[in-house]
Amino acid sequence: MSSETKQILTTDGIPLEVSLKKAERKNKIKAFLLVAPLLFFLIITYVFPIGDMLFRSVDDKMVTQMLPKTFKAMENWDGQELPEEEVFAAFHEDFIKLVEDKREGKLSTQLNYTKNGFKSIIKKLRRASKKFEEGNYKEQIMSVHKRWADVEYWRAIQRRAPEFTGQKYLKGMDMYVNEEGKIVSVSEDRRIHRVLWLRTLEIAFFVTVFCFLMAYPIAHLLATLPMKYSNLLMICVLLPFWTSLLVRTASWMILLQQQGIVNDFFVGIGLVADDNRPEMMYNKTGSYVAMTQILLPFMVLPLYSVMKTISPSLMRAGKSLGGTPFVAFWKVYFPLTIPGIGAGCLLVFILAIGYYITPALVGGASGTLISNQIAFHMKSTLDWSFASAMGLMLLTGVLVIYWLYNKIVGIDNIKLG
Amino acid sequence: MASKKDFVKFDKVDKSYDGKVLVVKDLQLDIAEGEFITMLGPSGSGKTTCLMMLAGFETPTNGEIYLDGKAISSIPPHKRGIGMVFQNYALFPHMTVYENLAFPLRVRKIPKDEADKKIDKALSMVSLQGFAARMPGQLSGGQQQRVAVARSLVFDPQLVLMDEPLGALDKNLRESMQYEIKHIHESIGVTVVYVTHDQSEALTMSNRIAVFNDGKVQQLSSPDELYEKPVNSFVAEFIGENNTFGGEVSDISGGKCKVKLANAEILANPISVKGKGERTTVSLRPERALINPSTKMDNLHKGKIEEVIYHGDHTRVRINLLGNPEFILKVPNSSSNLDIKLGNEINIGWNSDDARALDPK
C-alpha cells in the first residue's frame, strides 16, 4: 500500500469527505439555529454583564474626561514642585466648564476617593471662582484654600490621569499606591476588607462542613428508605426551596432572637439562666445556623443522586467478604460517594462565599460577608467601580477554588444530579 | 472427605416481611458438605430470601439455621465466613481486580505475600491471570462475573452462595460459565448454594435441586429424578416440557390407574392419587411419546398434526390429542421416514409408567 491514503470516492465520484460534509451541513445549520437564541441570550445576560463589570472595575475615564486640559498640561510636570501657571490655567478652564454643567460635585467625589479633603476645597473653589479675574490663576486658586497650595493634592489629581487603574483592586485588599508609587497596606485601624475576606472564607468553609455533616446521613436515609417514606422526606428537604429566602431568614430571626423560641426552650429546660440568654443572632452564630439550613438542600441533592446509584449489594458484598459494617462503609460506600461530596461541597462553598441576604439580616456586624460590603458600595457609596472590583475578586476566588478542586479531585469526578 | 450430611441445616424456618404473608413456610432443608445445591423456582417463590437468611442479610422470623452445627441467626454476616456471588457481580467499582480480591484477605489481616499467593491462585482458577491491575469497568460482563467468583473463593470459605450469578450474561457465555463454575466446584470441593430461575442452569450444574414455589420446597432431588419423576404437577410443569391431561381416576389397581378424560380413557402411573373419583393431572414428557411405536405400548391414540416447527436437530410437532390441542412431540430429524405433515392423522403411543398421575392443577 502507498503511504498516501487514497481518497475514497462515493459511487457518484464525489470525494467521500466532501459528500459527508455536504450531507451534514444542513443538520449543523439547523442545530446552530436551534441553540442560537439561547446563545444570544447567554451573551446578553452573562458575558456582557461580566465584561461590563470587569471594564467598570478598572475604568477611570470619568476624571480623565472631566479634566482633559489639566492632564494635558500636567504631562510636562515632574510632580516635585507645585505645577506651573499653565496647569492652573488649564485646571481653571476645565473647572469652569464643569461648574457650568453642574458636574463639579462628581469631580469632588471622585477626587475624594483618591485623597480625603477634596470635597470642601472644591466647594470653596466653586464659590471663589465666580469672582476670579483673568490671568494668574495659580495665585488666585492657591489663595482659596491652603490645600490648593499643597503639592500632595496636585499629585493626587495627577494620579487620576490614566484612563484605566487597578487601584480599586488594591483597595479591596486594603492596599493603595502611596505618594512614592509603592503598593503599601493602609494603616492597621483602617483595614476592613481583609478581615471580611477572611471571615467570608471562614464562614463559607464551616457552613460547608456543617452542611456535609448534616446532609450525609439525610441523603443516605433518602437513598435507602422505601419509596413512600423517602418521597415524604424528600419533600421535607425540598420544602425550604419552595419558600422565599427572605421568609426563611426571617423565621430564623424569630427562632434565634434573645426572647425567641430557641432561647425560651433553653431557659425552659434549665440550660441557661433567664437573665443570661445567649446571643445567637446578629453575630457569626446566626450566619452559621441560617446559612447551613438554607444551603442544606444543595448538599443533600448531589449526595442523594450519587447514593441512589450505589447498589445495596456492594455493602452486602463488603460485609459478606468479612468487613465489619464500619469497614464496609469506609472502604466501599464512602469512596463511591466522593463525586457527590465534591459536587455538594463545591456548590455550597461557592454559594456561601457570595451569600448576601441571610448574613445581612442575621449576621449583625460580626457575621457579615464581603458580599454585604459589595452591596454597601453599590447602594450607599455608589462607588460601583469598587463594587465591581470586589465582585470580580470574588469571582476569581471562586474560579481558583474550582481550579484547585479540579486539580485535587478532578472535575469529571463530580456529579450534580 | 468426611462430609457431613447436614453441613447447612434449615430447621423449621419461616420468614415474613410484613407480618401478613409468609414468603418462606416451614423450610426444612439439609445440605451436605461439598454439595452443589440449587434453589430453583419462579420469582417470588422465596428462594432468594432463603439465600439472604443464610448469608445473614435477613433474619428468620421463626426457626433456626445451622452452619456446621452452630446456630447462626445471631451471628452478623461479616462473621459467618460465607462467600457470596451477587446477581450484578457487586464488584467494588473504585478498586482494581487485585484490590477487590485483596479486600476479604485484608480484613482478615492475612500477610501480604500470603494474600498475593491466594489472589494469584484464585485468578488462575477463573483464568484471569494478568487482569489484576484492571478496574472492573474495563472488564466484560463474563470477566466481571469470574472476578466475582474468584473474590468469593479467595478467602477459602467453606460455603459459597450464588444469587443468580449468570442472569446478566448472554446465552453462550452463560453456558460456558456454567461449566466453569461446575468445574471449580468439583476441583475445590466447596459447598455451593446456588439460586436461579433458569432450569437448564440448575439441571446442568447441581448435585441436588430444591424446587421452590409459594415459599415451600416442592421437591428436593437430583436433576434426573426431578425431570423424570416429578412429584407434583408444579414441578412437572416447571422443569422441562410437559404434556398434560386433566381427568378423573376411574380405576386404580396393580400400580396402574385409569384416568377418564372428556372423551377417552388413558392408563397412568398413580403418583399422588389414592383412590377412585379423585381429580388428577396426568403428566407426560414429550420425548416419552412415540409416533407409530414399533413396540407395544399400553396407551395408543390417534391425533391430528396441527403445527410442525423445525428446530435443527429435532422437529416439534403439535398435535391435537384426546381434546388437548397443545400436545407436543419432539421428533429427532434422523427419523425422516415418518409421515409428518400438517393435517395428517397419526398414531401416538406411550407407556403408562411414564404418564404420571399427579395432583390436579
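Residue check: is A:T358 within 14 Å of another protein chain (Cβ to nearest Cβ) and part of a helix (DSSP H, G or I)? No; evaluated as a whole, the condition is false for this residue. If you go through segment A:292-330 and keep only what is assigned to a helix (DSSP H, G or I) and at the interface with another protein chain (Cβ under 7 Å from one of its Cβ atoms), you end up with A:S313, A:L314, A:R316, A:A317, A:K319, A:S320, A:V327.
Is there a residue in segment B:123-138 that is within 12 Å of chain A (Cβ to nearest Cβ), touching a residue at least 24 places away in the same chain (Cβ under 8 Å) and of a type outside the set (F, W, Y)? Checking segment B:123-138: at least one residue is within 12 Å of chain A (Cβ to nearest Cβ), touching a residue at least 24 places away in the same chain (Cβ under 8 Å) and of a type outside the set (F, W, Y). Somewhere in segment A:47-66, is a residue touching a residue at least 60 places away in the same chain (Cβ under 8 Å), outside any helix (DSSP H, G or I) and loosely packed, with under 13 Cβ neighbours inside 10 Å? No.
Residues in segment B:147-158 include none that are away from chain A (no Cβ under 14 Å) and either out of contact with any strand residue (DSSP E or B) (no Cβ under 9 Å at 6 or more places or on another chain) or surrounded by fewer than 16 Cβ atoms within 10 Å (Cβ to Cβ) (or both). Of the numbered criteria (1) within 14 Å of chain B (Cβ to nearest Cβ); (2) surrounded by fewer than 18 Cβ atoms within 10 Å (Cβ to Cβ), the one A:K379 fails is (1). A:W197 meets the conditions (1) within 30 Å of A:L54 (Cα to Cα); (2) part of a helix (DSSP H, G or I); (3) more than 24 Å from the chain's Cα centre (by Cα) in every case but one. The failed one is (3). Among the residues of segment B:159-169, not a single one is touching a residue at least 12 places away in the same chain (Cβ under 8 Å) and either assigned to a helix (DSSP H, G or I) or assigned by TED's automatic domain parsing to the domain that holds B:D353 (or both).
No other residue among B:S294, B:S272 is assigned to a loop (DSSP other than H, G, I, E, B), in contact with an Asp or Glu (Cβ under 7 Å, 6 or more places away or on another chain) and at negative phi apart from B:S272.
Residues checked against (1) polar (S, T, N, Q); (2) closer than 18 Å to A:L314 by Cβ; (3) in the same structural domain as B:T38 (by TED's automatic domain parsing); (4) outside any loop (DSSP other than H, G, I, E, B):
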{"residue": "B:G130", "(1), (2), (3), (4)": "no, no, yes, no"}
{"residue": "B:N172", "(1), (2), (3), (4)": "yes, no, yes, yes"}
{"residue": "B:K182", "(1), (2), (3), (4)": "no, no, yes, yes"}
{"residue": "B:S187", "(1), (2), (3), (4)": "yes, no, yes, yes"}
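Residue count for segment B:39-56, restricted to those that are crowded, with 22+ Cβ neighbours inside 10 Å, within 16 Å of B:E237 (Cα to Cα) and among the polar types (S, T, N, Q): 1. Residue count for segment A:90-104 under the criterion of being exposed (fewer than 14 other Cβ atoms within 10 Å of the Cβ) and either assigned to a helix (DSSP H, G or I) or not assigned by TED's automatic domain parsing to the domain that holds A:Y153 (or both): the result is 1.
For A:S143, the criteria (1) among the hydroxyl-bearing types (S, T, Y); (2) crowded, with 17+ Cβ neighbours inside 10 Å; (3) in the same structural domain as A:E84 (by TED's automatic domain parsing) hold in every case but one, which is (2).
Could you please let me know if A:A365 is touching a Lys or Arg at 6+ places or on another chain (Cβ under 6 Å), more than 14 Å from chain B (Cβ to nearest Cβ) and over 30 Å from B:D156 (Cβ atoms)? It is false that A:A365 is touching a Lys or Arg at 6+ places or on another chain (Cβ under 6 Å), more than 14 Å from chain B (Cβ to nearest Cβ) and over 30 Å from B:D156 (Cβ atoms). Select from segment A:235-267 the residues that are in contact with a Pro (Cβ under 9 Å, 6 or more places away or on another chain) and under 19 Å from A:Y282 (Cα atoms) and write down the one among them that is surrounded by the most Cβ atoms within 10 Å (Cβ to Cβ). Result: A:N263. May I ask you to list pairs of residues, at least six apart or on different chains, whose Cβ atoms are under 7 Å apart, with the first in segment A:294-314 being without any contact (Cβ under 8 Å) to a residue 60 or more places away in the chain and the second being crowded, with 19+ Cβ neighbours inside 10 Å and assigned to a helix (DSSP H, G or I)? Pairs that qualify, where the first residue is without any contact (Cβ under 8 Å) to a residue 60 or more places away in the chain and the partner is crowded, with 19+ Cβ neighbours inside 10 Å and assigned to a helix (DSSP H, G or I), are A:L314/A:V332.
The number of residues in segment B:218-248 that are farther than 12 Å from B:L284 by Cα, polar (S, T, N, Q) and assigned to a strand (DSSP E or B) comes to 3. Looking across segment B:46-93, just one residue is within 20 Å of B:Q28 (Cα to Cα), at the interface with another protein chain (Cβ under 7 Å from one of its Cβ atoms) and free of Cβ contacts under 8 Å to residues at least 60 places away in the same chain, and that is B:F57.
The values are calculated or read from the model by the stated rules, or taken from the named source; none is laboratory data. These numbers were taken from a predicted model, which means no experiment stands behind them. Virtual Cβ from ideal backbone geometry, glycine too; neighbours counted across all protein chains shown.
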